[in-house]
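Undergrad: Could you have a look at this structure, given as structure tokens, before my questions?
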Amino acid sequence: NIKDHSLLCEINRGFMLNKMQSASNAKFLEYSLTLGLSTMSGRGFYYPVDSVIGEDGKIYVLGRSNPQDPRGVRITSLSIDSDFYGNFGSFGSEDGQFMWPTSIDIDSTGRFYVSDEYLNRITVFDSSWNFVKKWGSPGEGHGAFNAPSGIAIDTNDFLYIVDHRNHRIQKFTTEGEFILSFGNHGRNIGQFDLPWGIAIDPNNTIYVADWNNNRIQHFSPDGQFISSFGKPGHNDGELHKPSGVAVDQAGYMYVADWGNERVQIFDPDGQFVMKLRGEATLSKWAEEFFRINVEEAEARDKSNLELDIDLFVDTPHEESAHIEKLFWGPISVELDSNGRLYVTESNRHRIQVFEPNSKR
């Protein structure tokens, strides 16, 4: 009966939590490899802001570029082994183009959805990378946007879009039909202050990186508040301008703690488990670049890439700016079906990949 089923679910959940909490002191994510290369066209990324993994395992990285040189605006497709499949999308305001792209996701049919905070619209591509349609307009009403950012698609192919400067979340069909909206500007539970990233767990509940409130908020599929975790600060378990969140099958949460230049992991109850600061090595594309550009490789070999220096301003940002292996601008986090964590770094034009530890 329903009562017995609920009790069994609680027992199973308790078993899983106890099992994982017993391993929470262990390092259950380990650095694996780095993907990418700083290029303004072709194979590589330029100020990437988000990534998504398709059902076929291909990785799609959304490049935002910078206002001085918009050539880097594109979507790059590659594999975990650094096989390069090509690019689509470009800078501009025409069909299939973006001005300030912010997030990307894929629905069950393989369609791609890209948000653009400058043009206040969503652009849709089919699985063959062809432009399909665009929708959205500037404004505050239902279906309108003021700088849309994060996109997440649930198991029923409903889109949840973070309406960044309207301080709310909007839900749509894949055709752009408005369904509902929740949230408004403020610091109370259920309110937002410049939210950015969003994720949906296997139960279709919603997690929002509430950027300027320095927290993650959790909601039901219809926008009812469930819980909140994180508080402002720089210590373990505290957040400073979180920009992205991902949730695994067991309910563990992975947060791009952008302002602290790190990724933090929390258990299903919101308790701190571990943090990552970055351990990047050269990607395959970078290794190939240095094999061709010998003089640059020689100069790099003579360089001290882990300087022990007294920083003028002792902040995570300054440390990351001076030490290459560390995260610098970790803006987005993504999990694949194997439990690998992909951390997109905008300022170093790369993705660091972490593997689950078999001891977990």
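The values are calculated or read from the model by the stated rules, or taken from the named source; none is laboratory data. Quick caveat: nothing in here was measured; it's all calculated off a predicted structure. So basically every Cβ, Gly included, is an ideal-geometry build from the backbone, and we count neighbours across all protein chains shown. Calculation scope for accessible area: heavy atoms of the full protein, side chains included, ligands and nucleic acids excluded. Shrake-Rupley method; radii C 1.70, N 1.55, O 1.52, S 1.80 Å.
Undergrad: Please specify each residue of the range 221-247 satisfying the condition of being in contact with a strand residue (DSSP E or B) (Cβ under 6 Å, 6 or more places away or on another chain), open to solvent by 10 Å² or more (accessible area, probe 1.4 Å) and not in a strand (DSSP E or B).
TA: Once the filter is applied, which keeps residues that are in contact with a strand residue (DSSP E or B) (Cβ under 6 Å, 6 or more places away or on another chain), open to solvent by 10 Å² or more (accessible area, probe 1.4 Å) and not in a strand (DSSP E or B), the range 221-247 yields G223, G230, D236, G237.
Undergrad: Moving on. Of all the residues that make up the range 52-87, how many are touching a Ser or Thr at 6+ places or on another chain (Cβ under 8 Å) and under 16 Å from V124 (Cβ atoms)?
TA: 2
Undergrad: Among the listed residues E279, E295, identify the single one that is closer than 25 Å to D83 by Cβ, charged (D, E, K, R) and open to solvent by 20 Å² or more (accessible area, probe 1.4 Å).
TA: E279
Undergrad: Of all the residues that make up the range 155-181, how many are in contact with a Leu (Cβ under 8 Å, 6 or more places away or on another chain), open to solvent by 10 Å² or more (accessible area, probe 1.4 Å) and farther than 13 Å from D107 by Cα?
TA: Number of matching residues: 4.
Undergrad: Right, next: Give just the number: which of (1) within 30 Å of A250 (Cβ to Cβ); (2) open to solvent by 30 Å² or more (accessible area, probe 1.4 Å); (3) of a type in the set (K, R) does K302 not satisfy?
TA: K302 satisfies every listed condition except (1).
Undergrad: Give the residue, chosen from I53, I80, I104, that is β-branched (V, I, T) and farther than 19 Å from I153 by Cβ.
TA: Among I53, I80, I104, only I80 is β-branched (V, I, T) and farther than 19 Å from I153 by Cβ.
Undergrad: Let me ask something else about it. Quick check: is even one residue across the range 107-126 open to solvent by 30 Å² or more (accessible area, probe 1.4 Å) and within 30 Å of E288 (Cβ to Cβ)?
TA: The answer is no; no qualifying residue exists.
Undergrad: Next up: Restricting the search to the range 165-215, which residues are of a type in the set (G, A, S), under 16 Å from D116 (Cα atoms) and under 16 Å from the mean Cα position of the chain (by Cα)?
TA: Within the range 165-215, G197 is the sole residue that qualifies.
Undergrad: Can you work out which of the residues in the range 62-88 that are of a type in the set (G, A, S) and farther than 14 Å from M40 by Cβ is surrounded by the most Cβ atoms within 10 Å (Cβ to Cβ)?
TA: Ranking the candidates gives S82 first.
Undergrad: Filter the range 322-339 down to the residues that are in contact with a Ser or Thr (Cβ under 7 Å, 6 or more places away or on another chain) and among the charged types (D, E, K, R) and list them by number.
TA: Across the range 322-339, the qualifying residue is only E334.
Undergrad: Follow-up question, since we're still on this one. Out of the strands (runs of 3 or more DSSP E) lying entirely within the range 23-121, which hold 1 or more residues that are among the polar types (S, T, N, Q) and modelled with pLDDT of 95 or more?
TA: Result: 29-35, 48-53, 74-78, 84-88, 101-106, 112-116.
Undergrad: Which condition number does F91 fail, the rest of (1) open to solvent by 50 Å² or more (accessible area, probe 1.4 Å); (2) within 19 Å of G197 (Cβ to Cβ); (3) in contact with a helix residue (DSSP H, G or I) (Cβ under 6 Å, 6 or more places away or on another chain) being met?
TA: (2)
Rundown of residues vs (1) within 30 Å of A152 (Cα to Cα); (2) acidic (D, E), yes/no style:
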residue	(1), (2)
G230	yes, no
A250	yes, no
A256	yes, no
N260	yes, no
F266	yes, no
W285	yes, no
E295	no, yes
T315	no, no
